[in-house]
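Quick notes on the structure that follows.
The values are calculated or read from the model by the stated rules, or taken from the named source; none is laboratory data. Values in this document were obtained by computation on a predicted structure and should not be read as measured data. Please note: Cβ atoms are built from the backbone with ideal geometry, for glycine as well, and neighbour counts cover all protein chains shown. Protein only, heavy atoms only, side chains kept; ligands, DNA and RNA dropped before computing areas. Shrake-Rupley method; radii C 1.70, N 1.55, O 1.52, S 1.80 Å.
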Amino acid sequence: MLLAGSTVLLTGATGGIGRAVAAELASCGASLLLSGPDEAELAVLAGDFTARIHAADLADPAQVGRLAQAAAGVDVLVTCSGLPAFGDLLEYTPEQLDRSLAVNLRAPALLARLLAPAMLAAGRGHLVFVGSISGKAAHPGASLYNAAKFGLRGFALGLRQDLHGSGVGVSVVQPAAVADAGMFAASGATAPALLRTVSPARVAAAVVRAVERDRAELTVAPIELRLLLAVAGQFPGFAERVQRRTGAAQSFQQLAEAHRATR
C-alpha cells in the first residue's frame with residue numbers, strides 16, 4: 001500500500017529512530033499521529049509535521065487502550081517504542097521485568113490486536129514492528145532484551161501468516177546499532193568493532209519499504225553483519241564463541257553496565 005494519503009500511528013516518535021521515521025513518513029505524504037511518553041516533546045516534534053499527538057506510557061495497558069482509541073481508523077501502525085533492558089537478569093526486580101516486557105513486547109502486540117480489526121474490515125492496512133538485531137542473535141548482558149526482541153520477531157512473522165490474503169500486511173524491521181541513536185548512543189558505550197552502525201535515515205527508509213513493498217522482514221545492517229546473523233540463527237554456540245574472541249562480548253557487557261543506573 002502507498003503511504004501517501006494514509007494515516008499512521010507512530011509510537012516511540014521522540015526517540016532518535018522515531019524522529020527519523022516520522023520525517024520519512026511525512027515526506028511520503030502520510031498523516032501522522034505521534035505517540036511517546038513526554039507530551040511536551042511530542043508537541044515540539046508535531047510542529048514540524050502538523051501531526052496529532054497522544055502521550056502514553058506503554059507499560060500501562062489502560063493507556064495503551066486509550067492510545068488505540070485515539071488512533072481508531074488509522075491505516076498503518078509503526079511501533080518504534082523501546083525500553084533498554086540490559087544487565088544481569090538477577091538484578092531486576094519483578095516489577096522492572098514486567099515493565100520491560102510490557103513496553104518492548106506486550107504493548108506492540110496489544111496495539112496490533114486493537115487496531116487490526118478496523119484494517120481487516122477495510123481490507124487494507126499495515127503493521128510495522130521496529131525491533132533489533134538482538135531479536136536475531138543473543139548477546140551477553142541482555143537476556144531480557146533478547147527475550148522481548150526475539151518474541152517481537154516471532155509475533156510479527158506469525159501474525160503476518162495469520163493475516164495473509166486479508167489486505168493487511170505485517171513487517172518487522174531489524175536495525176543494527178544506530179549511529180547517534182539507540183542503545184549504544186544513549187549509554188555512551190562503545191559498539192563492537194565488527195558492528196558497524198547504520199543511520200536513523202536508513203531505518204526510516206526500511207520502514208517505508210516494508211509498508212509499500214509488503215516485506216516480511218528487513219534487516220538494516222552492513223552485509224557482513226547480515227551474514228553473521230544468518231549463521232548465528234543456525235549455530236548459536238558458534239556465534240557465542242565469535243563474540244568472545246572478537247571482543248564483542250566485552251562491548252555488550254559494557255553496555256549492560258552503562259544501562260544499570262537507568263533501570
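Determine if the range 186-193 includes at least one residue that is at pLDDT below 80, touching a Phe, Trp or Tyr at 6+ places or on another chain (Cβ under 6 Å) and open to solvent by 10 Å² or more (accessible area, probe 1.4 Å). Yes, the range 186-193 contains at least one residue that is at pLDDT below 80, touching a Phe, Trp or Tyr at 6+ places or on another chain (Cβ under 6 Å) and open to solvent by 10 Å² or more (accessible area, probe 1.4 Å).
When Leu67, Leu32, Leu42 are checked against the criterion of being under 22 Å from Arg215 (Cα atoms) and either at pLDDT 95 or above or in contact with a strand residue (DSSP E or B) (Cβ under 8 Å, 6 or more places away or on another chain) (or both), a single residue qualifies: Leu32.
Mind listing just one residue for me: the one in the range 112-135 that is in contact with a strand residue (DSSP E or B) (Cβ under 6 Å, 6 or more places away or on another chain) and in contact (Cβ under 8 Å) with a residue 60 or more places away in the chain and, of those, farthest from Ala4 (Cα to Cα)? So, considering only residues that are in contact with a strand residue (DSSP E or B) (Cβ under 6 Å, 6 or more places away or on another chain) and in contact (Cβ under 8 Å) with a residue 60 or more places away in the chain, the one farthest from Ala4 (Cα to Cα) is Ile133. Of all residues in the range 141-158, those being open to solvent by 40 Å² or more (accessible area, probe 1.4 Å) and either among the acidic types (Asp, Glu) or more than 12 Å from the chain's Cα centre (by Cα) (or both) number 5.
Only residues that are open to solvent by 10 Å² or more (accessible area, probe 1.4 Å) and within 30 Å of Pro236 (Cβ to Cβ) were counted across the range 104-129, and they come to 4.
Just one of the listed residues (Ala51, Ala43) is among the hydrophobic types (A, V, I, L, M, F, W, C) and surrounded by 18 or more Cβ atoms within 10 Å (Cβ to Cβ), namely Ala51. Under the condition of being in contact with a Gly (Cβ under 6 Å, 6 or more places away or on another chain) and hydrophobic (A, V, I, L, M, F, W, C), the residues counted in the range 45-81 number 1.
Please determine, by comparing only the residues of the range 159-180 that are open to solvent by 40 Å² or more (accessible area, probe 1.4 Å) and assigned to a helix (DSSP H, G or I), which one is nearest to Val78 (Cα to Cα).
Selected residue: Arg160.
Looking at Asp75, Asp88, just one residue is acidic (Asp, Glu), crowded, with 17+ Cβ neighbours inside 10 Å and touching a residue at least 40 places away in the same chain (Cβ under 8 Å), and that residue is Asp75.
Of the residues making up the range 61-81, those that are of a type outside the set (A, V, I, L, M, F, W, C) and in contact with a Lys or Arg (Cβ under 9 Å, 6 or more places away or on another chain) are Pro61, Asp75.
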